[in-house]
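A.B. asks: The structure is given below, and queries will be raised subsequently.
Here, each number is a calculation from the coordinates, and none is a lab measurement. Source: prediction; values computed, not measured. Don't worry about glycine lacking a Cβ; one is built from the backbone with ideal geometry, like all the others, and counts go over all protein chains shown.
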Amino acid sequence: MMKFLKELRLRPLDSVLLVFLVALSFLPIFLFASQKTSASEAQIKVHGKLIKTLDLSVNQEWTYESSSGDINKVQVKNKKVRVYEANCPDQIDVKAGWKSKNGDTIVCLPHSFVVELTGGKTIQDGKTVDYQ
């Protein structure tokens, strides 16, 4: 390993520059993670078509049942949403757990069922921005 590093002929400042660039590459994670806001509603879509909008400020349960027998049960509680029961084989939507941030999604591919969280407000440059 040391022989390999010697063959690269790295100068002392090269390693400092390398460490700086690696640290800089993580900057977008911190910048964009701080912009997520709490969502105000959950839009439920099946095959890309909006079929239901749930207000996250109201605790409720809703069941989707298709004519072919697909079932997804959605629960809203404490401004969070989850799919708590489904009859799909992989159960990825159930395993996704609770979601509350704007832009979060819960997806059940076998049923083409999507729960997308939208709405919410944040402040950017002193102005309130409404994400609808």
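A.B. asks: From the backbone phi of region 13-20, what are the Karplus-calculated ³J(HN,Hα) couplings (6.51 cos²θ - 1.76 cosθ + 1.60, θ = phi - 60°) in whole Hz, Gly and Pro given as x?
C.D. replies: 6, 4, 5, 5, 5, 5, 4, 4
A.B. asks: By count of other Cβ within 10 Å, fewest leading, how are 17, 117, 24 ordered? Present the calculation step by step, with values, prior to reporting the outcome.
C.D. replies: On the way: 17 12, 117 24, 24 9.
Final ranking by Cβ density, sparse to dense: 24, 17, 117.
A.B. asks: Let me ask another. Please list 3J(HN,Hα) in residue order for region 96-111, calculated via the Karplus relation 6.51 cos²θ - 1.76 cosθ + 1.60 where θ = phi - 60°; whole Hz, with x for glycine and proline.
C.D. replies: So the Karplus estimates, Gly and Pro as x, are 5, x, 6, 10, 9, 8, 4, x, 5, 9, 10, 10, 10, 5, x, 9 Hz.
A.B. asks: Among 88, 108, what is the fewest-to-most ranking by other Cβ atoms within 10 Å? Working shown, then result.
C.D. replies: Numbers: 88 17, 108 23.
Sorted ascending by nearby Cβ count, the order is 88, 108.
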